[in-house]
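The values are calculated or read from the model by the stated rules, or taken from the named source; none is laboratory data. For clarity, every value in this text was computed on a predicted model and none was experimentally measured. All Cβ positions, glycine included, derive from the backbone under ideal geometry; neighbour counts span all protein chains shown. Surface areas here come from the heavy atoms of the whole protein model, side chains and all, with no ligands, DNA or RNA. Shrake-Rupley method; radii C 1.70, N 1.55, O 1.52, S 1.80 Å.
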Amino acid sequence: MASLSSSTHCCSSSSAYSNSSSLWSDQHHYYISNLEFSAISPKNPGSKKISLQSKGRLSLNAILMQDGAIATTATTVENEAPTKKSKDGLLSASPPEEHKEPIGFDVNNDQSTVSITVVGASGDLARKKIFPALFALYYEDCLPEHFSIFGYARSKMTDAELRNMVSKTLTCRIDKRENCGEKMEQFLKRCFYHSGQYDSKEDFVEIDKKLKEHEAGRVSNRLFYLSIPPNIFIDAVRCASVSASSANGWTRVIVEKPFGRDSESSAALTRSLKQYLLEDQIFRIDHYLGKELVENLSVLRFSNLIFEPLWSRQYIRNVQFIFSEDFGTEGRGGYFDNYGIIRDIMQNHLLQILALFAMETPVSLDAEDIRNEKVKVLRSMRTLSMDDVVIGQYKSHTKGGITYPAYTDDKTVPNDSLTPTFAAAALFIDNARWDGVPFLMKAGKALHDRRAEIRVQFRHVPGNLYNRNFGTDLDRATNELVIRVQPDEAIYLKINNKVPGLGMRLDRSNLNLLYKARYSKEIPDAYERLLLDAIEGERRLFIRSDELDAAWALFTPLLKELEDKRLIPEYYPYGSRGPVGAHYLAAKYNVKWGDLGVDE
């Protein structure tokens with residue numbers, strides 16, 4: 001009998017969500033290799049249609065009756081999806097409309113296996129993030145019993161050469177168990193390599209044959225991670241969909257940002273992807289959503305009574321989302337110059353965190369319920385205008401006898417580039433909860449420190465009896481909640497407190513939860529959580545297409561104006577706190593950037 005569960009060896013991030021769509025949905029789809037099976041829906045006691053379908057094999061349409069009886073009809077499914085000609089002249093395979101991805105599949109079942117193909121395996125992201133994350137999941141027994149990992153890229157490489165390359169980036173960082181070397185050796189034995197072109201169906205047919213050899217007749221579930229430039233996404237997706245999709249299990253594709261450059265290119269990318277994949281097969285990854293403190297944001301708000309009543313315009317004066325790096329592009333400016341800091345950080349990372357922060361309480365922790373609320377926030381936001389934005393670019397600066405280069409000193413960047421390396425913006429959500437509250441974003445490279453944090457500044461206490469003790473600096477009299485995403489993950493609340501002694505002297509103190517002091521276990525990397533969620537079919541932390549459309553709608557008019565008018569950014573020294581204009585923007589809304597205070 002096939003087991004219809006969604007368990008893994010380890011306690012995954014999604015297992016805590018009992019209402020998760022990865023367990024059950026209104027329509028169930030199970031793939032089987034024989035006629036003996038059972039299916040019971042805990043959600044609906046009435047009749048339920050279950051599509052049992054495999055490509056090129058017998059397709060069973062089963063009706064689950066209220067008394068548990070099952071009636072079936074059989075049809076034949078063709079081996080390859082029908083093709084049609086798209087606007088760009090390419091032949092596309094349209095997925096059958098009735099096909100849905102199987103839900104509630106037990107990835108640890110002896111009859112199933114998971115094959116993970118890293119497309120672009122020779123690149124930096126694959127070497128430094130994806131393979132180490134997969135090993136960490138294996139090390140923690142979070143991967144299914146039967147799995148294999150294939151690297152796919154244009155570079156010529158043997159299995160042994162891939163294993164040697166991957167082994168240099170693997171560490172047993174979670175703890176120092178004695179079996180680290182043994183685990184690493186076992187993991188590398190599961191790693192294989194196939195060289196091929198990203199636009200070659202024939203090459204994907206060859207990797208399909210290799211995958212089938214390792215799947216050994218089990219139900220095959222396949223995950224493709226596209227660690228490649230966006231201009232070759234569609235070629236790879238087309239070839240994988242037509243030539244290397246699973247015949248009897250699920251097929252999922254993880255797509256890395258950038259998801260286009262504006263509304264038009266993003267919509268075109270989505271349309272092209274949906275020629276070959278269904279929406280629930282596409283996992284658009286934003287690794288910031290997998291970070292521990294971002295994951296904890298909804299827990300902090302919705303499970304603590306002291307915060308939820310305060311989460312509105314009545315008590316919150318402003319909210320700040322701050323991202324800073326203390327290094328420049330350093331030879332990697334070719335990619336960055338085509339996108340800039342607004343597209344690279346603000347339109348995705350910071351805006352996604354803002355949506356999670358500001359959303360209404362979802363109906364449940366189901367992925368679709370959460371993403372529905374995020375979309376409502378994004379659609380309630382005002383479109384950005386230049387009046388509420390400051391852009392900057394770092395220039396050369398000498399400090400301590402060391403000369404730091406300007407952005408345009410990078411050999412991969414044009415000498416006349418006006419691409420912003422810094423941006424600050426004031427955004428507003430026009431709904432009942434947040435009307436009039438400025439949400440300030442700031443992101444930049446080559447600044448004075450490295451940090452990513454959310455700062456919630458509360459309103460002044462009306463008629464505060466102790467105003468005279470604070471003097472004229474009323475900002476020091478207000479409470480502030482700080483959620484530090486990186487580095488040194490922490491949550492702390494700034495409160496006013498009396499300094500011990502006979503006098504009445506007030507002090508601003510922190511109620512501090514420093515993660516490394518409270519929890520001994522090292523925090524997993526964001527890619528570990530997101531890869532595990534993709535394997536389990538948990539979509540909460542992945543971006544839906546309508547979310548993407550709403551996000552681009554906010555920023556596209558601004559980006560178009562910047563590029564059409566070739567607006568000159570304000571220059572700031574390498575290693576400084578950024579352009580002066582950012583302070584004027586905050587002051588316009590009677591706000592002071594929280595990361596610039598004397599207690600920081």
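Computed from phi, the 3J(HN,Hα) profile of the stretch 120-126 under the Karplus parametrisation 6.51, -1.76, 1.60 (θ = phi - 60°) reads x, 5, 8, x, 4, 4, 5 Hz, with x in place of Gly and Pro. Annotation for the stretch 391-434 versus the stretch 180-218: alpha-carbon center distance of 42 Å.
Taking all Cα-Cα distances within the stretch 262-310, those exceeding 13 Å account for 71%. Evaluated on the stretch 362-521, the Kirkwood hydrodynamic radius is 20.3 Å, with distances taken between all distinct Cα atoms. Normalised by the number of residues in the stretch 155-250, the mean separation of alpha-carbon contacts (under 8 Å, six or more apart) gives a relative contact order of 32 percent. Counting only protein chain heavy atoms and rolling a 1.4 Å probe, the accessible areas of Ile568, Ile232 rank, largest first, as Ile568, Ile232.
Roughly how far apart, in whole Å, are the Cα centres of the stretch 118-154 and the stretch 347-384? When both Cα centres are located, 30 Å separates them. For Tyr571, the amide hydrogen comes within under 5 Å of the amide hydrogens of Gln393, counting only partners 5 or more places away or on other chains and with H modelled in the peptide plane.
Per-residue accessible area (protein heavy atoms, 1.4 Å probe) orders Cys180, Cys191 as Cys180, Cys191, starting from the largest. Distant-in-sequence amide contacts of Tyr193, defined by a placed amide H-H separation under 5 Å and a gap of 5 or more residues or a different chain, comprise Gly151, Asp159.
Mean separation of Cα pairs under 8 Å and 6 or more residues apart, divided by the residue count, gives the stretch 388-428 a relative contact order of 51 percent.
Taking other residues whose beta carbon is less than 10 angstrom from the beta carbon of Pro258, and scoring Lys, Arg as +1 and Asp, Glu as -1, yields +1.
Distance between the 7 Å Cα→Cβ label points at Glu213 and Met504: 8.3 nm.
What percent does the relative contact order of the stretch 343-431 come to when contacts are Cα pairs within less than 8 Å and at least six residues apart? Relative contact order for the stretch 343-431 comes out at 27 percent.
Database remark: amide H of Leu506 closer than 5 angstrom to the amide H of Val499 (H placed geometrically; neighbours at sequence offset of 5 or more, or on other chains; Pro and chain starts carry no H). Diffusion coefficient (Stokes-Einstein, Kirkwood radius over C-alpha pairs, 20 °C, 1.002 mPa s) for the stretch 487-567: 117 µm²/s, rounded to a whole number. Within the stretch 549-582, which chymotrypsin sites (Phe, Trp or Tyr not before Pro) sit in a loop by DSSP and count at most 15 neighbouring Cβ atoms inside 10 Å? Loop-located and lightly packed - none at all. Computed over neighbours whose Cβ is under 12 Å from that of Arg379, the net charge equals -2, Lys and Arg +1, Asp and Glu -1.
Cross-link pairs exceeding 20 Å between alpha carbons, from the set Lys399/Lys445; Lys129/Lys291; Lys129/Lys183; Lys156/Lys210; Lys156/Lys183: Lys156/Lys183.
A simple rule links phi to the HN-Hα coupling: the Karplus curve 6.51 cos²θ - 1.76 cosθ + 1.60 with θ = phi - 60°, which for the stretch 580-591 gives 5, x, 5, 6, 5, 4, 5, 5, 4, 10, 6, 10 Hz, with x for Gly and Pro. Shown is the FRET efficiency for Glu522 and Phe327, computed with R0 = 25 Å from the Cβ-Cβ distance and rounded to the nearest 0.05: 0.60.
Our Cα-only numbers for the stretch 549-589 put the radius of gyration and Dmax at 13.4, 35 Å. At q = 0.31 Å⁻¹, what log₁₀ I(q)/I(0) does a Debye calculation on the Cα points of the stretch 341-380 give, no solvent, two decimals? Computed log10 I(q)/I(0) values: -0.99. Karplus-derived 3J(HN,Hα) values for the stretch 515-531, using 6.51 cos²θ - 1.76 cosθ + 1.60 with θ = phi - 60°, are 4, 5, 7, 8, 10, 6, 6, 5, 6, x, 5, 4, 5, 5, 4, 6, 5 Hz; glycine and proline are entered as x.
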